Structures are given as C-alpha cells and as structure tokens.
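Handing you a structure now.
The values are calculated or read from the model by the stated rules, or taken from the named source; none is laboratory data. All values reported here derive from a predicted model rather than from experimental measurement. Virtual Cβ from ideal backbone geometry, glycine too; neighbours counted across all protein chains shown.
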Amino acid sequence: MEIPVLRELMPELLGPNDRNLRFLEERFGIAIIAREASLLVPESQPVLLEVIPELAQLCKDKKYLEIKDIETVLRLHKLNSFAGASENGGEILLQNSQVTVKARTANQMLYYQALRNNDLVFAIGPAGTGKTFLAVAYAVSLLEKGEVEKIALVKPVVEAGEKLGFLPGDIKEKVDPYFRPLYDALLYMMSAEKVRKLMDQSVIEIAPLAYMRGRTLSYSMVILDEAQNTTAMQMKMFLTRMGINSRAVVTGDLTQIDLEQKQNSGLLKIQDILNGIKGVDFVKLTSEDVIRHRLVSEIIKAYDRHSSNGTD
C-alpha cells in the first residue's frame, strides 16, 4: 500500500542516510520503498497508515525527526514488540566469549535504543532495573568493537550512614567498596585478567567524580553512576568533560539521594536544564523493570505507596 507524504517532508522523515527508514524496517521486519512523495509498505502492516502520517506531521512541526520521536509514536500505538530481539527475548547489548547481555523489558529496550542513538543518555530508576549494568555492557561492546578507546566509570563518593574517616584503611581501601558494583559488572563481562590488564593500561578507569575535574575525555565512553548524589555544579563539571567522539551515560535513583539537602541533587535539576536538546535522551525505568529477586520489585512498590501516602 502507498502512503502519501509531502515531498518537502521526505528528507526529514527518512533521516540522515535513511536512518529513520531503516529503523522502521527493522522494527516491523519489512522492506519499505521510498518514492518521491510517498512510502510503499506491505499490506501486512496497516498500522503504518496511521504511524507514518503522524511522523510526517512531527517533521513539519519539529523540522527534524529523531529515533526517540518514532519510538514515542509507536508506544502510543502500543507497539511494544521490538524487531531485532533474539528468539529468547531481549535485544543484545553485548555478546562475547564470556557472556551475552540482553535488554529484557520494554523500558530496557528503549534504554538500549537511546544508547545507540544519542551521545548523552540519562537513565533514572530504582535499584535493580539494570541502569548501570546495561550501561557498562554497552560500553564494553563499544570498546571491543573499537568504537571507543577508553571506558571511564565514575561515581560520587557520598557517605550514606558511615563516615569515611572512621572506616579502616588508606583512601583507596576506603573508597573501593563504593565501586564494587562497577567491578562486579566488569568481571561478569570479561575475565579478571583482562579487566586487570585494561585497568593497568588505563583503558578502563574507575575513579571518584572529584578526579574528573580539569580533564577532557575523548574517544571514550564515560559512565556516571549514582548521579542522584551529585550537586548541580558537580553534574555540570562531569558533563563538560566530554571530548571528541565521546559518549556519556548518567544513571541514578532519585529515591536514594544521600545529600544533606536532597533538593540540591544535580540529577533533579538536569532534567529541566537539558530538556529538548538534540542528542540527549532521558529514559525512565520503574519497578516493572527490576531484574533481581521478585521481592525487590515488591519492596520498591511498597515504598512508593508509602511515600504517596505522605509518610517518611
């Protein structure tokens, strides 16, 4: 069937190098033929009779069309099945001799698409939703494919209950426990020997956020974990470390802010500051995306209900 599109809107609808067209083809598992003022799609996908005119209208309103715009329109049409998913479900973020890491929920798949299509992604959600784990997996895949030369895993060292000064050991021994989840993620995806070798070569770096000041990271994948515990100035400092051909992922849980004044969280404010900027995407994960013990999801829901009742 042929779907008419205004000729002047075709370049924006198709996207750079037909990127948007390829995305629709992969999503639906079909071939789409672009003509001068129309798209020819198989009769088996009547929903595109509604989707494509909506996308064309977005092109007219926004002057450009991004993958996330297409995903939004498809979500509104309740198309939550992702083409390209493996037979066992989930899109593959990383596959090597040691492990296969997949996005397994609808929001995790949206997260994966955001990582593929943006240079800066914010993943916000509760514990156990895979925010950091999937970001690390994607970073390792980029490193193994040679698309980046370095991975930097960064975290603010904010005390939650215990004061660093009272913990035993030198400064490295004091802060190492803060980075255990990042080490564990790496060791799940690569052998301990390889992780150690890459860290010795500074190809992989794990460091407190304060160590980023004054640096520029080029050809790198930079991940800021536990970003809810950054101040607004720290968040700005981190984001301005991005150099040539670099990407960044910022993860955090706004229900677990350990700052003395929670309203000063940089992750709270950044959503308004960067809203609408091309190349930046925000992904929200929920208790439905928890991939841990089933009780973790129930615990999160219980806390949410408790908070909504106005209790601390």
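Out of T129, T105, T100, which single residue is in contact with a strand residue (DSSP E or B) (Cβ under 7 Å, 6 or more places away or on another chain), on the phi < 0 side of the Ramachandran plot and among the polar types (S, T, N, Q)?
From the options T129, T105, T100, the qualifying one is T100.
Could you tell me whether region 67-79 includes any residue that is of a type in the set (D, E, K, R), at pLDDT 90 or above and assigned to a helix (DSSP H, G or I)?
no
Out of all the residues in region 289-305, is one or more surrounded by 21 or more Cβ atoms within 10 Å (Cβ to Cβ), at pLDDT 85 or above, among the β-branched types (V, I, T) and in a loop (DSSP other than H, G, I, E, B)?
No: zero hits.
Looking only at region 212-230, decide whether some residue is in a helix (DSSP H, G or I) and touching a Pro at 6+ places or on another chain (Cβ under 8 Å).
yes
Please tell me if F166 is more than 25 Å from N17 (Cβ to Cβ) and modelled with pLDDT of 85 or more.
No, not satisfied.
When region 239-269 is examined, which residues are found to be under 25 Å from M221 (Cβ atoms), touching a helix residue (DSSP H, G or I) at 6+ places or on another chain (Cβ under 7 Å) and free of Cβ contacts under 8 Å to residues at least 40 places away in the same chain?
R241, S265, G266, K269
Let me ask another. Provide a single number: the residues in region 234-265 that are surrounded by fewer than 20 Cβ atoms within 10 Å (Cβ to Cβ) and in contact with a Phe, Trp or Tyr (Cβ under 6 Å, 6 or more places away or on another chain).
Residues that pass the stated criteria total 1.
Would you point out the residue of region 120-144, among those that are modelled with pLDDT of 95 or more and not in a helix (DSSP H, G or I), that is nearest to T255 (Cα to Cα)?
I124
Of the conditions (1) under 15 Å from the mean Cα position of the chain (by Cα); (2) modelled with pLDDT of 90 or more, Q271 clears all except one; give me its number.
Condition (2) is where Q271 drops out.
Among the residues of region 86-119 satisfying the criterion of being of a type in the set (G, A, S) and not in a helix (DSSP H, G or I), which is modelled with the highest pLDDT?
A103
If you scan region 1-58, which residues turn out to be under 17 Å from V73 (Cβ atoms), acidic (D, E) and at pLDDT 90 or above?
Result: E12, single match.
Another one. Just a yes or no: is a residue in region 8-24 over 26 Å from N118 (Cβ atoms) and either in the same structural domain as G276 (by TED's automatic domain parsing) or part of a helix (DSSP H, G or I) (or both)?
Yes, there is a match, as at least one residue in region 8-24 is over 26 Å from N118 (Cβ atoms) and either in the same structural domain as G276 (by TED's automatic domain parsing) or part of a helix (DSSP H, G or I) (or both).
Just the residues that are among the hydrophobic types (A, V, I, L, M, F, W, C), under 22 Å from Q113 (Cα atoms) and buried (at least 17 other Cβ atoms within 10 Å of the Cβ), please, taken from region 25-48.
F28, I32, L48
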